[in-house]
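Trainee: Submitted below is the structure of interest, expressed as structure tokens.
The values are calculated or read from the model by the stated rules, or taken from the named source; none is laboratory data. What you see is a predicted model; the values in this text were computed from it and never measured. Note that we place each Cβ from the backbone using ideal geometry, even for glycine, and neighbour counts take in every protein chain shown. For the accessible areas, the whole protein counts, side chains as well, though only heavy atoms, and no ligand, DNA or RNA atoms are used. Shrake-Rupley method; radii C 1.70, N 1.55, O 1.52, S 1.80 Å.
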Amino acid sequence: MNTDTRQPITIRMHDADNVAIVANDGGLPPGAVLAGGLVLVDRIPQGHKVALVNLAKGTAVLRYNVPIGYALKDIPAGSWVHERLLEMPAARGLEGLPIATVRPPVQAPLEGYTFEGYRNADGSVGTRNILAITTTVQCVAGVVDFAVKRIKAELLPKFPNVDDVVGLEHTYGCGVAIDAPDAIIPIRTLRNISLNPNFGGEVMVVSLGCEKLQPERLLPPGSFAIVDERKPADAELDVVCLQSDSHVGFMSMIDSIMQAAALHLKKLDARRRETVPASELVVGVQCGGSDAFSGVTANPAVGFCTDLLVRAGASVMFSETTEVRDGIDQLTSRANTPEVAQAMIREMAWYDAYLQKGLVDRSANTTPGNKKGGLSNIVEKAMGSIVKSGSSPISGVLAPGEKLRQKGLIYAATPASDFICGTLQLAAGMNLHVFTTGRGTPYGLAECPVIKVATRSDLARRWHDLMDINAGRIADGEASIADVGWEMFHLMLDVASGRKKTWAEHWKLHNALVLFNPAPVT
């Protein structure tokens, strides 16, 4: 076990808080004396809470100046405060919320920052130049995977300006209630991922033939031509159908896929990076494997960087409905307009109903790892998650799978699952991803660069070749939130330009796409 020889260090997020978290590596033993003279009664692990005063049964336990729970019994000062000692507060109602009441001071525009990106015909900009092969149904996944390996080995070296080839595989497309009202969510998600800016408008589809999600339903005429104004609105979709009579044997299917891929690779290879303003960044922010330091170090640094990006005219999406639900009053108050606030309330209400239909509630969100890292429940987790959004006004809301069409800070409604959230942010048009973690996760996306931010220095040291930024320096007193926020901003420009690769890119750590499908399966 790592031990920290420094004096006991605790972090209190607000002057009104009656708990603080232990920052020392390895935690603190009973008998340790805190700076104010408080003596610890229990051994308290790193990231976990210590009672700063005597907490009588029923007392609200405050962190971030928010009740994260109520003491189930008397808790003496100096004791370890963990989830088994707390009753979780009820969820905040969705009525009577503050609506567009916060008007933060107008920040000066952040001008003069650029990156080298791939300008698309529709005006969007990619940070990578990737051939994506869309699939209509999971049945073709094995064939596409085989073909992609051959394409990378035999064709990709001939096209040095193309970064990668990816198969957009998923588990949707058949065996589902394709006409159910909520089926629009996975369908538009896959459609909009196919049109992501990092794919350069080269739309290629592999279909089985008999599936419910037919290619023309996934990408109807006109939907893909808008990516490239040079193509007519009735341009024919490039589809390789495995059940076509022209295919005799497995290798004939592979040959057809490779022939189609070669044509798209040639077009992509002709593209070149050009200098574009930082306003062309579309950044998705997310956290996973969170701990009590997430809301102290990494997420506040992301929030600072979010404000920089908004000042630069970029688009930033924050998400994870269950992980912001308990702070809905903070979000509606920051809405740019009452309409934006009502849209956030609509998404929270939809998700409340979705959880209720599944006979679960928001308490199902927190994981054993979250709790081991010091997060007692979803309320505490939510307070640390929201700070990724910074302090800018929230200018828009996206329902799951919708495409982003505006600048500024956007709430993109998604489940909290890392993989579903990342998938939906890709569908919205994300061209760069930032992912914070306290417990550690090798999460990555083939479709988009992912910058990984460690909440603790211990994690950054142990996972030195997986974490791109160490925000734990904030808790160590070696850097400020602003220092790490600016570091992140400059790293984003370098990664977006292709000057630097993230560790996830270096190791080719890519998680599968997961389509959010609330409709029934059949």
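Trainee: Show the residue pairs that are 6+ apart or on different chains and have beta-carbon atoms under 9 Å apart, the first residue being within region 264-291 and within 26 Å of Thr322 (Cα to Cα), the second being open to solvent by 40 Å² or more (accessible area, probe 1.4 Å) and of a type in the set (Gly, Ala, Ser).
Mentor: Cβ pairs passing all conditions: Gly288/Ser417.
Trainee: Any residue that is aliphatic (A, V, I, L, M) and open to solvent by 40 Å² or more (accessible area, probe 1.4 Å) - is there at least one of those in region 18-28? Can you show your working first?
Mentor: Filtering region 18-28 for residues aliphatic (A, V, I, L, M) gives 19-23, 28.
Imposing the further condition that a residue be open to solvent by 40 Å² or more (accessible area, probe 1.4 Å) reduces the set to none.
Within region 18-28, none of the residues are aliphatic (A, V, I, L, M) and open to solvent by 40 Å² or more (accessible area, probe 1.4 Å).
Trainee: Quick check on region 66-83. Is at least one of its residues in contact with an Asp or Glu (Cβ under 8 Å, 6 or more places away or on another chain), over 19 Å from Gln330 (Cβ atoms), modelled with pLDDT under 95 and open to solvent by less than 60 Å² (accessible area, probe 1.4 Å)?
Mentor: Checked region 66-83: no residue is in contact with an Asp or Glu (Cβ under 8 Å, 6 or more places away or on another chain), over 19 Å from Gln330 (Cβ atoms), modelled with pLDDT under 95 and open to solvent by less than 60 Å² (accessible area, probe 1.4 Å).
Trainee: Another question, then. If Gly440 satisfies all but one of (1) farther than 17 Å from Cys287 by Cβ; (2) small (Gly, Ala, Ser); (3) surrounded by 18 or more Cβ atoms within 10 Å (Cβ to Cβ), what's the number of the condition it fails?
Mentor: Here Gly440 meets the rest and fails (1).
Trainee: Can you name the residue in region 32-67 that is assigned to a loop (DSSP other than H, G, I, E, B), small (Gly, Ala, Ser) and within 14 Å of Leu85 (Cα to Cα) and is also farthest from the chain's Cα centre (by Cα) among such residues? Step through it out loud before you land on a result.
Mentor: First, the residues of region 32-67 that are assigned to a loop (DSSP other than H, G, I, E, B): 32, 34-38, 40-43, 45-48, 52-54, 56-59, 64-65.
Now restrict to residues that are small (Gly, Ala, Ser): 32, 35-37, 47, 56, 58.
Those left that are additionally within 14 Å of Leu85 (Cα to Cα): 56, 58.
On the way: Ala56: 39, Gly58: 36 Å.
The selected residue is Ala56.
Trainee: Can you tell me which residues in region 169-221 are of a type in the set (Gly, Ala, Ser) and open to solvent by less than 20 Å² (accessible area, probe 1.4 Å)? Full working, then the answer.
Mentor: Quick first cut of region 169-221, residues of a type in the set (Gly, Ala, Ser) only: 173, 175, 177, 180, 183, 194, 200-201, 207, 209.
Gly173, Ala183, Ser194, Gly200, Gly201, Ser207, listed by residue number.
Trainee: How do the pairs read when you match residues in region 491-510 that are within 21 Å of His464 (Cβ to Cβ) and free of Cβ contacts under 8 Å to residues at least 40 places away in the same chain with residues anywhere that are assigned to a helix (DSSP H, G or I) and among the acidic types (Asp, Glu), using Cβ under 8 Å and keeping only pairs 6 or more apart or on different chains?
Mentor: Going by the 8 Å Cβ cut-off, the qualifying pairs are Lys500/Asp494.
Trainee: Is there a residue in region 139-156 that is modelled with pLDDT of 95 or more, open to solvent by less than 20 Å² (accessible area, probe 1.4 Å) and in a strand (DSSP E or B)?
Mentor: no
Trainee: Here's another thing I want to ask about it. If you check Thr332, Thr423, which single one turns out to be open to solvent by less than 10 Å² (accessible area, probe 1.4 Å) and either acidic (Asp, Glu) or within 25 Å of Leu195 (Cβ to Cβ) (or both)?
Mentor: Details: Thr332 fails: either acidic (Asp, Glu) or within 25 Å of Leu195 (Cβ to Cβ) (or both).
That would be Thr423, the only listed residue that is open to solvent by less than 10 Å² (accessible area, probe 1.4 Å) and either acidic (Asp, Glu) or within 25 Å of Leu195 (Cβ to Cβ) (or both).
Trainee: What are the residues in region 6-28 that are touching an Asp or Glu at 6+ places or on another chain (Cβ under 9 Å) and assigned to a loop (DSSP other than H, G, I, E, B), if any? Give the derivation first.
Mentor: Step one: of region 6-28, the residues touching an Asp or Glu at 6+ places or on another chain (Cβ under 9 Å) are 6, 9, 23-28.
Listed by number, the residues that qualify are Arg6, Ile9, Ala23, Asn24, Asp25, Gly26, Gly27.
Trainee: Examine region 351-365 for a residue that is open to solvent by 10 Å² or more (accessible area, probe 1.4 Å), part of a helix (DSSP H, G or I) and modelled with pLDDT of 95 or more, and state whether such a residue exists. Show your work before the answer.
Mentor: The first filter runs over region 351-365 and keeps only residues open to solvent by 10 Å² or more (accessible area, probe 1.4 Å), leaving 351-365.
This time we only want the ones that are part of a helix (DSSP H, G or I), so: 351-357, 362-364.
Cutting the leftovers down to modelled with pLDDT of 95 or more gives us none.
Checked against the condition, which is being open to solvent by 10 Å² or more (accessible area, probe 1.4 Å), part of a helix (DSSP H, G or I) and modelled with pLDDT of 95 or more, region 351-365 yields no hits at all.
Trainee: Quick check on my filter: what residues within region 368-397 are out of contact with any Lys or Arg (no Cβ under 9 Å at 6 or more places or on another chain), under 21 Å from Gly303 (Cα atoms) and either open to solvent by 10 Å² or more (accessible area, probe 1.4 Å) or without any contact (Cβ under 8 Å) to a residue 40 or more places away in the chain (or both)?
Mentor: Lys381, Val387, Gly390 - these are the residues of region 368-397 that are out of contact with any Lys or Arg (no Cβ under 9 Å at 6 or more places or on another chain), under 21 Å from Gly303 (Cα atoms) and either open to solvent by 10 Å² or more (accessible area, probe 1.4 Å) or without any contact (Cβ under 8 Å) to a residue 40 or more places away in the chain (or both).
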